[in-house]
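A short write-up of the structure that comes next.
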Amino acid sequence: MATYRKRGTKWEYRVRYVDRKTGTNKETSKGGFNTKKEAQIAANLAESKVEYYGVGEGGNDRLANYFPQWLEIYKKPNVKPITYTLQERNVRLNILPRWGRYRLKELNRSEYQKWINELRTSYSEGTVRRIHSIMNTAISDAVHEFNILRENPLVKIKIPKDQTDNKTIKYFSKNQLEKFFSTCKTPVKNAKYQLSSQNYYLFAMLSRTGMRIGEALALKWEDIDFSQKNITISKTLVYPLNSTPYLSTPKSNKSRRVIRMDETTIFLMKKHRINQMEVYLKYKKYAPSEEGYIFHQQDGRWLRTNVVRDYFKTICNRANLPILSPHALRHTHAVHLIESGANIKYVSERLGHASIKTTADTYLHITDKIENDSLNQYEKYINL
């Protein structure tokens, strides 16, 4: 409801309303009108904005104030802790330093697109997509959830693509994989726990099952059924930077899966269990994991993912191989499966991908090779 009063020679209106975002009573006003009629027209427009936006300011909140509330209400309760941590970090380090002083209604599509283009000079395409996704979702919620904006100016923003082919996956050929494990088996001089072959068995499992490093480090002996030749994947280890590690659910619903072991993998895991017992007996300071984890530190705690990565790179150096990461063993397993003639659906399920499309897109150059080989085989057959 609007009220009016004359101040000197000018008119002023006041509109009272309930802020739908906070549920509190608020008031907006404006003066300087030459006549009461002008003030009434302006007041009607203000009341229309209140009805439309749900607040009198219509997006007058600054992003520095809006984002903390958005993160707390819409993200924290609905995403995994590690996801929330990454999103909060991107907001704090990338979004707010650039946009925090802006009011929501001041967001400009052209200026935002220019910022996205600038980000691509410093960050990868994937990183910029993640930053934009956070910003775009937040502004979309300002429209549809908080009702403080009429529209989202950030829809269909274009992310500059990589000019070079940086999406080629990294993996070991069969010969390179043999060289890697041959080097990994060789004991390191002056190693503290030289009898332990844990890293060798960990890398062997990754290369023969295609599981993610976090899934492997979360495994307990009870997750392996030697009689059924199966490994059950139901959790993953999350090791945030400068934070406490914790177990979480797998990456997606499809990541909950049962992986069948081949005979070599079964043999290696049994050898690892024997080696583990020998290590416990030989080194008094090397303690078993009370929770029964298959791979662990000498004090029984989870292995640190960064330590595993560093050791993996050391092996690559010693073997004079490309410096890859343990994740390359997952790609290696997938590529070798496909090259051996495995069905793409089977590969997708074994890796725990969300869809077959994800698998096909990831290993496109491999599936192209298989397709070409198959077509060549067909041509030879039909022309006999």
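For the chain, a Gaussian network of Cα nodes joined below 10 Å ranks N253, N25, N199 by mean-square fluctuation, and the top entry is N25. With the simple model of a label 7 Å out from the Cα in the direction of the Cβ, Y74 to R260 spans 4.5 nm.
Taking a sphere under 9 Å around the Cβ of G352 and counting the other residues whose Cβ falls inside, with K and R at +1 and D and E at -1, yields a net charge of +4. For K192, a cut-off of 23 angstrom between C-alpha atoms picks up these lysines, skipping any fewer than 8 places away in its own chain: K271, K282, K284, K285, K313.
Taking the longest Cα principal axis of the chain as reference, the axis of helix 109-119 is set at about 30 degrees. Can you bin the range 50-152 into rounded, prolate or oblate? Criterion: square roots of the alpha carbon gyration tensor eigenvalues sorted a ≥ b ≥ c, rounded for a/c under 1.5, prolate for a/b above b/c, oblate for the rest. It comes out oblate by the Cα gyration axes.
Note on the chain: helix-only mean residue ellipticity at 222 nm, from DSSP H runs of 4+ residues weighted -39500 (n - 2.57) and normalised by residue number, equals -14500 deg cm²/dmol. Under 5 Å from the amide H of W302 lie the amide H atoms of Q297, each residue being 5 or more positions distant or on a separate chain, with H modelled from the backbone and absent for Pro and chain starts.
Bear in mind these aren't lab numbers, they're just calculated from the coordinates by the rules spelled out. Source: prediction; values computed, not measured. Note that each Cβ is placed from the backbone with ideal geometry, even for glycine, and that neighbours are counted across all protein chains shown.
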